[in-house]
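*Asks:* Have a look at the structure that comes next, please.
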Amino acid sequence: MEAEQEEEIESLKAIFCQDGELEIKKDSSGTHITVLNNGLKSALHLNITDALWKNISLQFSLPQYYPSTDFPHVTLTCPLFPQASIKTLTDKIHDKATQLQGHPMLMDLICYAQELLSKELLENMCLGGAPSVSQSLVERGPAQHELSPSSFNEKDSMPLLSCNCANHKLAEKIIALLLLDHMRSKQSYSKLIKKWVLELSLTGRLLFCNKLILILLLGDAKNVKDYIIRNKTINVDVDAKGRSCKEKMLTVLCELPVQPGVSITEFSVMELESVDELQKLFLSFSLADIYQEYIENLLAPGFKKKK
């Protein structure tokens, strides 16, 4: 059971790999996984001040027999809403967990929580509402907890920034850049990547440039996350002995909202002969900033001179 938990945790580490996204602690009571404000915010991309996101988090405490017979203890901290709203959100996450009992579920619950928060925040923003900044914290796990009376005070409410509802669908689109360490079975691995991209309606590129192997993805945030989960949890390559194996060395370099002017209409595999070609490709996609911030840092001394 411990091995199954560790495998799921490693997948989460690969997905939420940026600062302020994920925190994992272990003690005598078990493993505690906290998706922090940046991790929850990354898939929503709503026009909300960072200050309002500061104390939002979702914590899972894993019991000994998770996922076979137990489900995680869920703790949602969200100072944006009154305690009653937090309880409703937490209950929905708890109910979702009971439906998934017996299977690894953490990423499913995280995505579900992101959807719930997105809907709640969007409704308040578009309707001009103002969630409470009461420091409410509600817990719910295998044993149910009674809530104390809410101390919500309308005077403590804090306005959200305005939201352009018509542009919300655009905001759900993200672009992700992934780095692979190597491919032993290049043909079959590439074929599987193309299959998943097609199933998830994503566009982008699988890029080979000297020693670099990059996957550039553009599409709905949920589908991009789904792709990353598949790439980390399903056998995709072979090990040194020729046995099927999962991807242990995938790194998510970035996940960012799609900016105006960025468009990739299809997915294809490209073999590039030089770093100059790689840079020109990113420039053609209006992704110069991504190239400068994330790819140039990967280039070891002398790498640019290789042809």
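Values quoted throughout were computed directly from the atomic coordinates according to the rules given, and no laboratory measurement underlies them. Bear in mind that the values here come from a model prediction, so they are computed numbers and not experimental data. Counting neighbours? That spans all protein chains shown, and the Cβs are built from the backbone with ideal geometry, glycine included.
*Asks:* Between S286 and T251, how many nm apart are label points set 7 Å from Cα along the C-beta direction?
*Replies:* 2.9 nm
*Asks:* Treating only the Cβ of Lys, Arg, Asp and Glu as charged (+1, +1, -1, -1), what charge dipole size does the stretch 173-228 show about its Cα centre? Round to the nearest 20 debye.
*Replies:* Dipole magnitude for the stretch 173-228 comes out near 160 debye.
*Asks:* Check which residues have an amide H placed less than 5 Å from L202's amide H, if you skip close sequence neighbours.
*Replies:* Those qualifying (amide H under 5 Å, at least 5 residues apart or on another chain) number zero.
*Asks:* If R0 is 41 Å, what FRET efficiency do you get for S190 and T88 from their C-beta distance, rounded to 0.05?
*Replies:* Approximately 0.35, to the nearest 0.05.
*Asks:* Give me the number: length gained by fully extending L198 to E2, i.e. 0.36 nm times residue separation minus the C-alpha to C-alpha distance, one decimal in nm.
*Replies:* Here the segment from L198 to E2 would lengthen by 67.2 nm.
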